[in-house]
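A short reminder: the numbers here are calculations on the coordinates, not readings from a lab. Just so we're clear, the structure is a prediction, and the values are computed from it rather than from any experiment. When we count neighbours, we look across all protein chains shown, and the Cβ atoms used for this are built from the backbone with ideal geometry, even at glycine.
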């Protein structure tokens, strides 16, 4: 069965697919940036892709060494 491309005459409807992809990309990025769940339907299940991303990536706390530098006290004028 061949996929037929249908030419859409309404210019607003022609741009719907591109706009939906752009909105989905922005929603995913916002979810990753703010640690907000983003749910998708994959293989018959509802999945939170932000939680998957978090589980696949090690946390920054476990791999970051915190160094505390002592700053010199400001000099006093006498």
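Summary of values
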item: Cα convex hull volume per residue for region 11-59 (Å³); result: 87
item: Extension gain, residue 76 back to residue 33 (0.36 nm per residue minus Cα-Cα distance, nm); result: 11.1 nm
item: Cα-projected label distance for residue 56 with residue 3, points at 7 Å along beta-carbon direction, nm; result: 2.3
